[in-house]
1. For the residue pair residue 92 and residue 115, what label-to-label distance in nm results when each label sits 7 Å from Cα along the Cα-to-beta-carbon direction?
2. With springs connecting C-alpha atoms under 10 Å apart, model the chain as a Gaussian network and identify which of 98, 61, 73 has the largest mean-square fluctuation.
3. Given the C-alpha atoms of the chain, compute the convex hull and give its volume per residue in Å³.
4. For the chain, take the longest principal axis of its alpha carbons; what is the angle in degrees between that and the long axis of helix 20-31, to the nearest 10 within 0 to 90?
5. Per-residue ellipticity at 222 nm for the chain, helices alone: DSSP H runs ≥ 4 residues times -39500 (n - 2.57), over residue total, nearest 500 deg cm²/dmol?
6. Of 95, 144, 112, which is the most mobile in a GNM of the chain whose springs link Cα atoms less than 10 angstrom apart?
7. Round to the nearest 10 and give me the degree value, 0 to 90, for the angle of helix 156-167's Cα axis relative to the longest principal axis of the chain.
8. Full extension from residue 40 to residue 139: what is 0.36 nm times the residue separation minus their Cα-Cα distance, to one decimal in nm?
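A short reminder: the numbers here are calculations on the coordinates, not readings from a lab. These figures come from a predicted structure and were not determined experimentally. All Cβ positions, even for glycine, are placed from backbone atoms using ideal geometry, and neighbour counts span all protein chains on display.
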């Protein structure tokens with residue numbers, strides 16, 4: 001990605017348990033950018049469905065994706081960088097979110113590694129039993145999408161730093177020398 005004066009909106013994507021929320025939080029903190037947790041934007045019916053162990057359908061996801069797209073548009077139209085999490089598993093979902101100044105950050109890892117992470121996570125509505133459906137639905141980003149991939153093998157802080165360096169990002173904290 002070529003460095004421009006306008007810093008992007010980053011969509012941290014991947015299957016449940018890939019570390020989206022943690023990496024996004026560290027990244028937004030390092031940069032001093034706005035942060036939104038896509039899971040918090042799910043309608044209550046979606047949360048209830050996932051808590052019951054049922055995967056979401058496309059029909060369930062469209063309203064949620066539109067809410068996320070609205071957050072992204074609000075930031076890009078105002079020239080404001082930000083970080084938002086969203087599984088964005090399918091290309092057609094990313095098509096709803098994509099736009100000028102949007103970069104997808106694909107956190108990828110093996111099913112075993114991510115399953116281990118999920119089994120140690122507490123207090124999240126996404127049960128580990130749905131991981132298989134997420135991997136089944138996953139369509140990795142392609143060359144026509146503005147994205148970078150990151151293997152989830154380092155610490156969240158190291159992963160966030162790799163994203164910052166790869167994309168040449170600057171923010172409130174890094175610009176003031178407080179990295």
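1. In this crude label model, residue 92 to residue 115 measures out at 2.9 nm.
2. It is 61.
3. Details: hull volume 19.7 nm³, N = 179.
Once divided by residue count, the hull of the chain is 110 Å³.
4. Rounded to the nearest ten degrees, it is 10.
5. Numbers: 8 runs with 79 residues, N = 179.
Here the helix-only value at 222 nm equals -13000 deg cm²/dmol.
6. 144
7. Roughly 50 degrees, rounded to the nearest 10.
8. Values: separation 99, 0.36 × 99 = 35.64 nm, distance 2.31 nm.
Working it through step by step, the gained length comes to 33.3 nm.
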